[in-house]
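Computed from the coordinates by the stated procedures, all read-outs in this text should not be read as laboratory data. From a predicted model like this one, the values you see are computed outputs, not experimental measurements. Quick reminder, even Gly has a Cβ in these numbers, built from the backbone with ideal geometry, and neighbours come from all protein chains shown.
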Amino acid sequence: MWSYLTLYNTPTLVLLGVYFSILLVLSFYGSHRYTIVYLYKKFAANKPDPAPAKVVHDDALPVVTVQLPMFNERYVATRLIDAVSRMDYPLEKLEIQVLDDSTDDTVKICEKRVEELQAQGFDIKLIHRVDRTGYKAGALENGLSECRGSLVAVFDADFIPEPDFLRKTVHYFSDEQVGMVQTRWEHINREYSLLTRAQAILLDGHFVLEHTARNRSGRFFNFNGTAGVWRKETIADAGGWEHDTLTEDLDLSYRAQLKGWKFVFLRDVTAPSEIPVEMNAFKAQQHRWAKGSIQTALKLLPRIMKSNVPWFVKVEAFYHMTANFAYLLMVLLSVLMPLATIVRVHQGLYETLVIDLPVFLSATVSICYFYWVSQREIGRSAWDTLRMIPAVLGIGIGLSLNNAKAVMEAVVGFDTPFVRTPKYGIHSSGESWHKKLYIKKSTVLTVIEALLGAWFTYAIVHVLLSPKGSLFSLPFLMLFQFGFFYVAATSLFQGVGRRLFSGKRESVTE
């Protein structure tokens, strides 16, 4: 090993030192996925008990308010309202609030459907705000001030809840300590494209493994902003919906659990939803989630660490809320990896096994194993899972610049508006969204993503042309190359396609 190091001059050693330091920190987060899988399997039998015997007859069921926060959702507003109206729940025990902050014709669309359902005997009202203070959190808090339900279900506009959703969730509140019940997301347009299939797998890892492992092992987990039910008292006790972060759901979840409320995750109860079919919409969603999680970490982690919750809860909260810092390191790694590859062209098999292989096992393999288990647990075929893992990894890498920017904005306190994810009402691969009006321009980030793809192309060519090049590095280089080129190309060409098809343009910024 010493003879290996003496081959390098001081600047090169510094470069390699920084490079491997970044890899070690990324391995710290990557290897935690092994822990999640371990907890998932260890506590698999700890399924939540709804204790249904305490609530049997319809007249004993609690009143439920279903809140539907919307902003300019012309393509999916009616679909959501109709789905909620089909819920199998006593009409006199069901209240529906359409919390519409729209500035377009969604207001008229909602108004018309609300009036039709009111005529059919539904307790449904349209609450339209002109002052959009607090965005979604503000709309939810405003609705709470006049709701009559002791339980509050929330559905975003891209969801289509099943008729039996409330029947499968409200019984868990027979335990007076339960403050929130979250269900697992399913995806109606999962097979639409490579992008939607990759997103579905990323979300499955979060819901199937992370949520289940955290909840059943006694750790904190979070409400995901939709497809869940809250006890109204819990929201008030935790301090209500606050809008000083972009992830009001994560923020409220940790505040409520710190107050002692129990949360329940139902892995086997699903809520169908629509995944973003367009890259810029997906990037906007990921930017909001990444930035909001860091904002929440800065806000709540000190409080969590000073609390009297068990140490393992604190450790998991740290991993959960700081995980997006890895995107900053991923960007630095993307700049340094080609350089490190080029200066190590003479590296032999021994150095590869001693230096690279442990990092590979703790980082890359852990992620592959994590998503493999999540897919097999919900019955996806081995072949479908195996062939999608490279795409999932690549797209995750390609998003690193977008999400690193979000993390930096949170760290420096740069204020940005809540940008909601455009929904197009897309179900299958035969449907087109290009003529629909939502427009989000590509930014300079797209150019940088393309340049990073070109940077990895240069490193690949260098390895192939070098007589001493280590072919071991090629899979990594090609994965990064694919990720940055795919994200940049789809961001650019989908944006151009919409401009060609769309005449009128509309902002998606709330």
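Can you order the peptides 417-423, 140-146, 460-466 by their average number of other Cβ atoms within 10 Å per residue, highest first? Mind showing how you got there, number by number?
Values: 417-423: 21.6, 140-146: 18.0, 460-466: 14.0.
The most tightly packed comes first, giving 417-423, 140-146, 460-466.
Taking the Cα atoms only, what angle lies between the long axis of helix 326-343 and the longest principal axis of the chain, rounded to 10 degrees?
Rounded to the nearest ten degrees, it is 20.
Beyond 27 Å between alpha-carbons counts as too far, so tell me which of Lys291/Lys423; Lys41/Lys283; Lys41/Lys168 fall in that bin. Walk me through the intermediate numbers first.
Values: Lys291/Lys423 21 Å; Lys41/Lys283 32 Å; Lys41/Lys168 24 Å.
In this structure, Lys41/Lys283 lie more than 27 Å apart at Cα.
Kindly express, to the nearest 10 degrees and within the range 0 to 90, the angle between helix 444-465's C-alpha long axis and the longest C-alpha principal axis of the chain.
Once rounded, one gets 30 degrees.
Between the helical axis of 311-322 and the dominant principal axis of the chain, each derived from Cα atoms, what acute angle in degrees is found, rounded to the nearest 10?
The angle comes out near 80 degrees.
Report, in whole Å, the centroid distance computed from the Cα atoms of the stretch 203-231 and the stretch 257-302.
When both Cα centres are located, 9 Å separates them.
Out of all DSSP beta bridges with both ends in the chain, state the antiparallel percent to the nearest 5. Numbers along the way, then the final one.
Numbers: 9 of 36 bridges.
Antiparallel bridges: around 25 percent, rounded to the nearest 5.
Across all directions of projection, what mean area in square nanometres is found for the Cα convex hull of the stretch 116-252?
Values: hull surface 42.1 nm².
One quarter of the hull surface, i.e. the mean projection, equals 10.5 nm².
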